[in-house]
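One structure below.
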Amino acid sequence: MMITEEEATTMTEPSNAESDDQPQNEGLTDDEVRAALGRLPGWQLRDGALRRRFEFADFAEAFAFMSRVAPLAEAANHHPDWSNSYNVVTVDLISHDAGTLTMRDTDLAAAIQRVA
């Protein structure tokens, strides 16, 4: 599945009304993190980052998933820390420049969720 740049931009736009009021690089409060986790099935808070483990049928499907995520990350100018081992992709999201979770992380997690 190929994603156009226009689709990638649309997919990384903020998904809730609260995000319009908060700068994308401002740290989230504990309540905002809990609310975001409620909207992001399968994601966990691990070592200060959003983490999700995706399991696929085989390596080719795992790699295809990473190829779908790459243009989303580029469009958002926000790149995951991730690893791939055969059919498993583990994704960690944190805004390193802010030193904490921000809306960029929750927005990218939501976009990744849609292409998984």
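Coordinate-derived values only; no laboratory data. Just so it is clear, the model here is predicted, and its values are computed rather than measured. Glycine also receives a Cβ, built like all others from the backbone with ideal geometry; neighbour counts cover every protein chain displayed.
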Neighbour cut-off at most 12 other Cβ (10 Å), DSSP loop, chymotrypsin sites (Phe, Trp or Tyr not before Pro), region 27-116: Tyr86
Per-residue ³J(HN,Hα) for region 52-59, Karplus 6.51 cos²θ - 1.76 cosθ + 1.60, θ = phi - 60°, Hz, x for Gly and Pro: 8, 9, 10, 10, 10, 5, 7, 4
